Amino acid sequence: MSAETSSGVMDGRRVRGDASRRQVLAAAVDLASVEGLDQLSIGRIADAASVSKSGVATLFGSKERLQLATVEAARQRFVESVITPARELPRGLGRVIALLDGWITYSRDRVFPGGCFFAEAAADFDAKPGDVHDAIDRSLLEWNGYLSVSLGYARDGGELLALDDPEQLAFEFTALLDLANRDSVMHGTNASYARARRGIAARLRAAGADPAAIDVFAAVSDD
């Protein structure tokens with residue numbers, strides 16, 4: 001076999017391997033959002049992704065490596081769904097509102113079948129130290145940090161002049177969003193998103209946000 005032919009064969013295997021990896025991880029994140037990240041196993045994912053157990057084992061090697069890859073795949077899906085669209089807007093209140101609205105839409109429209117992947121994963125691993133716990137924690141901190149920084153930019157730009165602690169407000173917003181997600185998944189209703197919107201809107205108004213912009217956010221129907 002010539003070097004050129006050998007290279008082509010290797011490239012083909014790599015392409016097939018990448019496609020298999022994406023297929024397995026797509027099934028893994030969806031399954032973990034419903035059944036729990038700690039319940040993932042090579043056999044369970046093989047069934048869900050319609051691939052062989054040996055194929056999954058070859059791709060990931062161990063349950064922990066599969067879990068870590070699943071967390072990263074979920075992080076990428078979250079970023080693509082919530083953060084990337086908001087970044088199309090300039091820093092300021094508009095981006096903050098886009099982030100919050102995007103998070104509600106992400107949960108409401110079940111980007112993950114079980115609601116927010118990270119809410120489920122955190123419940124699985126919050127008291128279990130280790131690499132998987134740390135990966136989940138980094139993703140949660142990344143979101144909270146980005147929301148906090150975005151609130152700070154809005155304040156510094158004169159759009160939230162009464163805001164004294166962006167980190168505190170980001171914490172409160174995350175609490176509202178997480179509870180809305182949990183209640184929606186638990187009760188099969190979207191009513192909790194309207195409550196979250198009202199709570200967020202009230203805090204933004206108190207921080208000095210333009211009432212017209214906040215009214216639009218609060219009036220969105222999540223039915």
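The values are calculated or read from the model by the stated rules, or taken from the named source; none is laboratory data. What you see is a predicted model; the values in this text were computed from it and never measured. Cβ sites come from the backbone with ideal geometry, for glycine too, and all protein chains shown count toward neighbours. Areas reflect the complete protein model, heavy atoms only, side chains present, ligands, DNA and RNA absent. Shrake-Rupley method; radii C 1.70, N 1.55, O 1.52, S 1.80 Å.
Checking 51, 34, 15 one by one, the residue that is surrounded by fewer than 19 Cβ atoms within 10 Å (Cβ to Cβ) and modelled with pLDDT under 75 is 15 and no other. Taking the criterion of being touching a Phe, Trp or Tyr at 6+ places or on another chain (Cβ under 7 Å) and assigned to a loop (DSSP other than H, G, I, E, B), the only residue of region 192-223 that qualifies is 222.
Being in a helix (DSSP H, G or I), open to solvent by 10 Å² or more (accessible area, probe 1.4 Å) and over 24 Å from residue 38 (Cβ atoms), is that true of even one residue in region 106-121? Yes: one or more hits.
Within region 50-62, is there a residue that is in contact (Cβ under 8 Å) with a residue 24 or more places away in the chain, part of a helix (DSSP H, G or I) and among the polar types (S, T, N, Q)? For region 50-62, residues in contact (Cβ under 8 Å) with a residue 24 or more places away in the chain, part of a helix (DSSP H, G or I) and among the polar types (S, T, N, Q): absent.
Scanning region 191-223 for residues that are of a type in the set (Asp, Glu) and over 23 Å from residue 157 (Cα atoms), which turns out farthest from the chain's Cα centre (by Cα)? Here the answer is 223.
Of the numbered criteria (1) open to solvent by 20 Å² or more (accessible area, probe 1.4 Å); (2) assigned to a helix (DSSP H, G or I); (3) within 19 Å of residue 120 (Cα to Cα), the one residue 189 fails is (2). Working only within region 124-163, note down all residues that are aliphatic (A, V, I, L, M), farther than 30 Å from residue 34 by Cβ, open to solvent by 30 Å² or more (accessible area, probe 1.4 Å) and in a helix (DSSP H, G or I). The one that is aliphatic (A, V, I, L, M), farther than 30 Å from residue 34 by Cβ, open to solvent by 30 Å² or more (accessible area, probe 1.4 Å) and in a helix (DSSP H, G or I): 149.
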